[in-house]
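Colleague: The structure is given below, and queries will be raised subsequently.
Every number in this text was worked out from the coordinates using simple rules, so none of it is lab data. Everything numeric here is computed off the predicted structure, so don't read it as measured data. In this analysis, Cβ positions are derived from the backbone assuming ideal geometry, glycine residues included, and neighbour counts consider all displayed protein chains.
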Amino acid sequence: MISPIEEYHKLELAEIYERTRALENLRFQLGTFIGTVNITIVAAAFTTQKIGLIFIALALPLLNILHDLRLRTILRSLYNRGLTLEAKYVSDAQNAILHTYSPAKWSSFYSSIGGFWMPVIVVITELIVGIALWFSKWSLF
């Protein structure tokens, strides 16, 4: 017979699986949305020749980095709790759902290409372009 605490852990593990999938989806959606808005603002900046819009667009990838950092922190805590529960209750824990994820994926926030390095490259590029256009006499706003 399953004890109430084991039943609770079973429900908790199912919730961890569900939240992990939902948060990974949210990370992807936020990155896509923020990237699209960034491209739109940069296109508007080139159309109107206003470098102030490029500097506003600089803030969006930084916002993406902050969101991704927070979501990865939550995912890491869910992942660690799920590993603990899998090790305790799954007979073949090494082949369980969370154990099959790559450990490198969770090792560091900075290992995230889309969540950290790509936005940093975008910010640096937009900053360089904005400064270059400033010297070519584009108006701020």
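Colleague: In whole Hz, with x marking every Gly and Pro, tabulate ³J(HN,Hα) for region 74-90 from phi via Karplus 6.51 cos²θ - 1.76 cosθ + 1.60, θ = phi - 60°.
Modeller: 5, 4, 5, 5, 5, 4, 5, 5, x, 4, 4, 5, 5, 4, 7, 10, 8
Colleague: Read phi for every residue in region 47-53 and hand back ³J(HN,Hα) as whole Hz from Karplus 6.51 cos²θ - 1.76 cosθ + 1.60, θ = phi - 60°, with x for Gly and Pro.
Modeller: Karplus values, whole Hz, x for Gly and Pro: 5, 8, 6, 10, 6, x, 5.
Colleague: Which residue, ALA22, LEU133, GLY35, has the largest displacement toward the positive end of the dipole of the chain when charges sit on each Cβ (Lys, Arg +1; Asp, Glu -1)?
Modeller: So the residue furthest toward the plus end is LEU133.
Colleague: Still on this structure, I have one more. Using helices alone, I'd like the mean residue ellipticity at 222 nm for the chain: each DSSP H run of four-plus residues gives -39500 (n - 2.57), total over residue count, nearest 500.
Modeller: -27000 deg cm²/dmol
Colleague: Is the C-alpha gyration tensor of region 1-63 telling us rounded, prolate or oblate? Criteria: a/c under 1.5 is rounded; beyond that, a/b larger than b/c is prolate, otherwise oblate.
Modeller: Here region 1-63 falls in the prolate category.
Colleague: With no solvent and one point on each alpha carbon, what is the Debye value of log10 I(q)/I(0) for the chain at q = 0.09, 0.11, 0.16 Å⁻¹?
Modeller: After summing over all Cα pairs, the log10 values are -0.42, -0.55, -0.84.
Colleague: Suppose the chain between ILE131 and LEU62 were pulled fully straight at 0.36 nm per residue; how much longer would it get relative to their current alpha carbon spacing?
Modeller: 23.0 nm
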